[in-house]
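First the structure, in the form of C-alpha cells, and then the observations on it.
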Amino acid sequence: RLAALYNEQGRLGQALDELDDLSTRQLNAGKLDAMIETLHQMSDLAGENLTVKAHLVERYLKRGCPDEALLELDHISEIHQRAGRMNEAADTLRQAADTAWMIGQHDRAFKLYDRVLTLAPDNVTLRQAYINCLLQGGRQKDAADQQRVIARRFWEARRVQETIAALHQVIVLDPRDAGSYGQLGEALASVGEYAQAERVYRRLVRLTP
C-alpha cells in the first residue's frame, strides 16, 4: 500500500524501494510465490526503465528464478527493438540464451540464439558465441554452417586474413568440405600465399579426384 501511495505521488524510486524491500522480506520468510508477484509489480511500475529492469534480472537470478529472469530479458530486448537499438536487443537475447544454457534449457538457448542472429546478422562476435553453444551441444554440422557464414561475411568485406582464419575453422569442423578448401585456396592466392594455396588445392584434389 505504501508503494502504491508513493507511485500515486510520482515518487517512483521510493515506490520501487518499498517493493524491493518487501520482496526481500518475502524471500526470507520463504514466500517465493509472493516474492515473484512483488517483483512483477516492480516490473510493471518500472515501465521501460532499463536500469530497474536489469536490477530485476539480477534479483531473479540470485533468488533462483531463472525463468522469470528470461522473461524479463525478453522484455528488455523488446524495449531496445522498439527504440531501434538492434545490437543492444540482440546482446540482451544473447544474455538470455547463455542463461538458458546454464540452467540446462539447451533447445531454448538455441532458439534464442536464432533470434539473436535475426536481429544482428552481421555481428560476428554474437555468431561466434552461437558456434560455441552449438559445439557444446554436439551440433558440429550446424556450427560449421555458422562458421561458413562468418567466412562469407569476411570475404564480402574484403577482410582476407580473417577469411582465411575462418575457413580454417570451417575445415576443422568439416574436414570434407570441398567448397571451403576451394575458397581457402582462392583467398590464399589472392594475398600471394601461393605455396600454401598449392597445398590446399592438393588436398582438394585428393578429396575430390
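Right, residue 104: open to solvent by less than 80 Å² (accessible area, probe 1.4 Å), free of Cβ contacts under 8 Å to residues at least 40 places away in the same chain and assigned to a loop (DSSP other than H, G, I, E, B) or not?
So residue 104 fits the description; yes.
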Q: Return the total of residues in the stretch 186-197 being assigned to a helix (DSSP H, G or I) and loosely packed, with under 13 Cβ neighbours inside 10 Å.
A: 2
Q. Under the condition of being farther than 17 Å from residue 120 by Cβ and of a type in the set (A, V, I, L, M), which residue from the stretch 140-154 is nearest to the chain's Cα centre (by Cα)?
A. 143
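Let's see how each residue does on (1) surrounded by 16 or more Cβ atoms within 10 Å (Cβ to Cβ); (2) assigned to a helix (DSSP H, G or I):
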site	(1), (2)
7	yes, yes
16	yes, yes
22	yes, yes
27	yes, yes
34	no, yes
38	yes, yes
43	yes, yes
48	no, no
Q) Does residue 167 qualify as being in a helix (DSSP H, G or I), without any contact (Cβ under 8 Å) to a residue 24 or more places away in the chain and open to solvent by less than 80 Å² (accessible area, probe 1.4 Å)? A) yes
Q. Would it be correct to say that residue 157 is within 24 Å of the chain's Cα centre (by Cα), surrounded by fewer than 13 Cβ atoms within 10 Å (Cβ to Cβ) and either more than 17 Å from residue 134 (Cβ to Cβ) or modelled with pLDDT under 95 (or both)?
A. yes
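The values are calculated or read from the model by the stated rules, or taken from the named source; none is laboratory data. Since we're looking at a predicted model, the values are computed, not measured. In this analysis, Cβ positions are derived from the backbone assuming ideal geometry, glycine residues included, and neighbour counts consider all displayed protein chains. The area values use the complete protein model at the heavy-atom level, side chains included, leaving out ligands, DNA and RNA. Shrake-Rupley method; radii C 1.70, N 1.55, O 1.52, S 1.80 Å.
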